[in-house]
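Trainee: Below is a structure I'd like to ask you about.
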Amino acid sequence: MNTWYTRMSILVLCLGVLLLPPSLVAAPDAAAVFQQRWRRHDQLVATGQADRSWTWGPAPLTDVLTERYTVAGEFAEDERQVQYFDKGRMEINDPAGDVSDLWYVTSGRLPVDLMLAETGRRDRPTAPGAETLTQQWTDAYITAIGDPGNFPTYLDLQPLYQSPGQPRPERLNQPATELLEPDLGISRFADYAGDPATILRPGRNEQLVPQAFLDFMQQQGLVLRDGRSVYAQVYDPLYIFGLPVTPAVWVRAQVGGVTQPVLFQVFERRVLTYNPANPPAFRVEMGNVGAHYYDWLTNPDSAREFYYNPEDGTRMVATRNPNVIYTVEVDVQKIAPLPGNLPTVPDAAEYRIYRSQDGGQTRELRYSGAIGPGCRWLLVELMRPRDPQAHPDRVGLMTGCAQSPSASRGSGLQVYSSYDGAQSFFYRGGA
């Protein structure tokens with residue numbers, strides 16, 4: 001019930017979002033305030049005087065925008081001024097508030113939206129002067145950690161969501177050793193069990209937090225205050241990061257084209273990663289949740305994991321490496337002729353998925369499955385990832401089984417995703 005309420009609250013928050021063109025937004029004061037907040041954390045990073053990763057990013061991704069939204073639990077619309085950066089979104093919810101108050105500008109709870117959002121309706125901007133388009137949007141199939149087009153997406157992190165967390169006293173002061181697998185299962189990963197940075201300490205919201213993330217959030221360094229460089233605590237942890245909403249878990253992510261183990265934890269406002277392969281100053285970084293969210297908000301394809309190919313669903317060529325080709329063979333089992341000499345109809349099917357890594361010269365069996373019995377119409381087809389940079393091991397599978405002869409073609413469609421070259425699939429939902 002709690003999860004349902006949380007998702008519905010997020011859905012209501014997202015309903016009716018409208019970004020107005022910058023030319024219609026008179027917000028010079030907001031731009032100046034946002035710039036001041038950026039300067040405090042990132043000006044010295046930009047000039048090389050502070051040796052740390054970005055808090056917001058090198059520059060804004062957008063101008064100041066007016067976002068129209070519906071507040072959870074209310075019917076009236078409200079407006080706020082926002083600006084998107086690589087690492088987050090700055091917001092002014094009450095322009096009449098005290099500008100000197102830290103919370104006059106808040107940081108959006110973007111990771112929670114990206115993880116938990118489900119099918120609803122959203123307004124998105126069109127060309128200037130054009131009518132606002134209302135369209136369907138779905139889960140965020142955007143890579144959360146590592147290179148685009150790879151595991152894990154924000155949807156893959158959804159099963160980890162816990163707010164508040166579940167007390168785990170047996171894990172306190174122990175290393176983080178849980179690994180998120182591409183089938184969304186959890187396995188043990190102890191390669192860095194001797195690394196003090198991975199030791200789990202008490203955190204807010206009943207979650208355990210690795211020492212590396214606690215040190216990062218509480219770090220001291222140079223910041224700008226009233227135009228002067230001062231040595232102080234860099235972050236207010238609750239303000240910048242918010243509460244942790246997942247456990248700390250390892251994942252094998254593609255980083256710079258190389259598969260590397262990365263420890264991550266999702267917070268309300270940021271995603272933190274710990275990569276032992278990075279230089280010490282950059283082992284802990286914040287994910288690009290601001291850029292990811294803005295893509296999800298404005299790009300309808302970001303809510304689509306795969307493209308359906310109506311011309312030939314028996315073959316899928318990996319866009320990133322055309323030498324990788326997947327094919328599916330289907331053996332349909334039909335039932336005996338119906339009374340009245342009606343034609344035979346399908347009842348069930350067995351299928352096999354093959355992968356070739358040399359352009360089709362050779363192939364190997366990777367997966368086999370079956371659907372039915374009881375199908376009066378059936379479908380087994382491969383789907384191509386929407387992201388052209390998706391790893392060649394990424395492939396989608398659509399199956400369909402209509403139980404009634406009068407059922408529509410879309411009845412019973414199910415979509416499955418594979419991250420390991422069609423060796424295993426896990427259910428994504430109905431098409």
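The values are calculated or read from the model by the stated rules, or taken from the named source; none is laboratory data. No experiment lies behind these values; they were computed from the predicted model shown. Neighbour counts run over all protein chains shown; Cβ positions are idealised from the backbone, glycine included.
Trainee: Given the criterion touching a Lys or Arg at 6+ places or on another chain (Cβ under 7 Å) and either surrounded by 17 or more Cβ atoms within 10 Å (Cβ to Cβ) or of a type in the set (S, T, N, Q) (or both), identify the matching residue among 275, 323.
Mentor: 275 is the lone residue from the list that is touching a Lys or Arg at 6+ places or on another chain (Cβ under 7 Å) and either surrounded by 17 or more Cβ atoms within 10 Å (Cβ to Cβ) or of a type in the set (S, T, N, Q) (or both).
Trainee: Also: Quick one: which strands (runs of 3 or more DSSP E) sit completely within the stretch 212-285 and have at least 3 residues that are touching a residue at least 24 places away in the same chain (Cβ under 8 Å) and under 21 Å from residue 157 (Cα atoms)?
Mentor: Those strands (runs of 3 or more DSSP E) span 249-255, 258-266, 271-274.
Trainee: Now, a different point. Residues that are at pLDDT 85 or above, exposed (fewer than 14 other Cβ atoms within 10 Å of the Cβ) and under 30 Å from residue 282 (Cβ atoms): does the stretch 92-103 have at least one?
Mentor: Yes, because at least one residue in the stretch 92-103 is at pLDDT 85 or above, exposed (fewer than 14 other Cβ atoms within 10 Å of the Cβ) and under 30 Å from residue 282 (Cβ atoms).
Trainee: Every residue in the stretch 331-373 that is modelled with pLDDT of 95 or more, of a type in the set (A, V, I, L, M) and under 19 Å from residue 401 (Cα atoms), please.
Mentor: 353
Trainee: Considering only residues that are in contact with a strand residue (DSSP E or B) (Cβ under 7 Å, 6 or more places away or on another chain) and more than 18 Å from residue 231 (Cβ to Cβ), which ones fall in the stretch 36-52?
Mentor: Scanning the stretch 36-52 gives a single hit, 37.
Trainee: Go through the stretch 159-207 and report how many residues are in contact (Cβ under 8 Å) with a residue 12 or more places away in the chain and either touching a Cys at 6+ places or on another chain (Cβ under 9 Å) or assigned to a loop (DSSP other than H, G, I, E, B) (or both).
Mentor: Here is the first cut: in the stretch 159-207, the ones in contact (Cβ under 8 Å) with a residue 12 or more places away in the chain are 159-168, 171-180, 182-184, 186, 189-207.
If we keep only those that are either touching a Cys at 6+ places or on another chain (Cβ under 9 Å) or assigned to a loop (DSSP other than H, G, I, E, B) (or both) as well, we get 161-168, 172-174, 176-177, 182-184, 189-195, 203-207.
Final tally of qualifying residues: 28.
Trainee: Further question: Read through the list (1) buried (at least 17 other Cβ atoms within 10 Å of the Cβ); (2) assigned by TED's automatic domain parsing to the domain that holds residue 189; (3) of a type in the set (Gly, Ala, Ser); (4) in contact with an Asp or Glu (Cβ under 6 Å, 6 or more places away or on another chain), then give the number of the only condition that residue 281 fails.
Mentor: (1)
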